[in-house]
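Student: Pasting a structure here, questions to come.
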Amino acid sequence: MTIRGPLLAPMLLLAGCAVVPAGNQVPTAPAPEGFQVGIDRPVRVGSVSVTPKKLVEDSRCPVNARCAWAGRVILKAQIDGDGWRDTTNLTLGEEYETHGMPVKLVSATPERTTDSETDETKYRFSFKRPS
């Protein structure tokens, strides 16, 4: 099937349309719980901006192993509010509160495996404001 004439131009215009935030741009609306960001990519969580800065620890049990301890993920993050900034370590699943604003690291992907180490740049994190 060949597309010609008046149908081709709108299709070409739509093919190039995508909304991709720039690396230094914070989404204006609160991100949904499942929204994941990488290192140095800020995300809006409630009324604050959270930026993952460095993976401090990923001692989670690999998905293809049996462990006596589930392990944990610790992420150094920068939290920016109106006129203030806090840099802290967030632990996966634990609530952290600063300046009256609670933030929770709710996911870290990918899962660990026994056969390889994951480069820090491949990690994605999601946050939420606990209710």
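The values are calculated or read from the model by the stated rules, or taken from the named source; none is laboratory data. It should be emphasised that the depicted structure is a prediction, and the values quoted were computed from it without experimental measurement. FYI the Cβ positions are ideal-geometry reconstructions off the backbone, even for glycines, and counts take in every protein chain you see.
Student: Suppose we filter the stretch 84-106 for residues that are among the hydrophobic types (A, V, I, L, M, F, W, C), under 15 Å from LEU55 (Cα atoms) and assigned to a strand (DSSP E or B); how many remain?
Tutor: Just the residues of the stretch 84-106 that are among the hydrophobic types (A, V, I, L, M, F, W, C), to begin with: 84, 90, 92, 101, 103, 105-106.
Restricting the remaining residues to those that are under 15 Å from LEU55 (Cα atoms) gives 90, 92, 105-106.
Narrowing the set further to residues that are assigned to a strand (DSSP E or B) leaves 90, 105-106.
Going through the stretch 84-106 one residue at a time, the tally reaches 3.
Student: If I filter the stretch 122-130 for residues that are more than 14 Å from the chain's Cα centre (by Cα) and modelled with pLDDT under 90, do I get at least one hit?
Tutor: Checking the stretch 122-130: at least one residue is more than 14 Å from the chain's Cα centre (by Cα) and modelled with pLDDT under 90.
Student: Can you pull out the residues in the stretch 66-97 that are of a type in the set (Val, Ile, Thr) and without any contact (Cβ under 8 Å) to a residue 24 or more places away in the chain?
Tutor: Within the stretch 66-97, ILE74, THR88, THR91 qualify.
Student: For residues in the stretch 83-102 being hydrophobic (A, V, I, L, M, F, W, C) and modelled with pLDDT of 95 or more, which is nearest to ASN64 (Cα to Cα)?
Tutor: Looking at the filtered set, the residue picked out is LEU92.
Student: Among the residues of the stretch 110-131, how many are closer than 15 Å to LYS53 by Cα and either in a strand (DSSP E or B) or aromatic (Phe, Trp, Tyr) (or both)?
Tutor: Residues that pass the stated criteria total 5.
Student: How about the stretch 94-111: which of its residues are within 14 Å of the chain's Cα centre (by Cα) and among the polar types (S, T, N, Q)?
Tutor: Within the stretch 94-111, SER107, THR109 meet the criteria.
Student: Of all residues being among the acidic types (Asp, Glu) and surrounded by 15 or more Cβ atoms within 10 Å (Cβ to Cβ) in the stretch 71-99, which is nearest to LYS128 (Cα to Cα)? Just the residue, please.
Tutor: Per the criteria, the residue is ASP80.
Student: Report the residue count in the stretch 75-89 for those that are of a type in the set (Val, Ile, Thr) and over 18 Å from the mean Cα position of the chain (by Cα).
Tutor: Total satisfying the criteria: 0.
Student: Okay, next question. When the residues of the stretch 45-70 are narrowed to those that are closer than 22 Å to ASP119 by Cα and of a type in the set (Ser, Thr, Tyr), which ends up surrounded by the fewest Cβ atoms within 10 Å (Cβ to Cβ)?
Tutor: Here the residue is SER59.
Student: Quickly run through the stretch 35-62 and pick out the residues that are part of a loop (DSSP other than H, G, I, E, B) and within 16 Å of ARG124 (Cβ to Cβ).
Tutor: Listed by number, the residues that qualify are PHE35, GLN36, GLY38, ILE39, ASP40, ARG41, PRO42, ARG60.
Student: Counting just the residues of the stretch 69-82 that are modelled with pLDDT of 95 or more and aliphatic (A, V, I, L, M), which one comes out farthest from LYS122 (Cα to Cα)?
Tutor: ILE79
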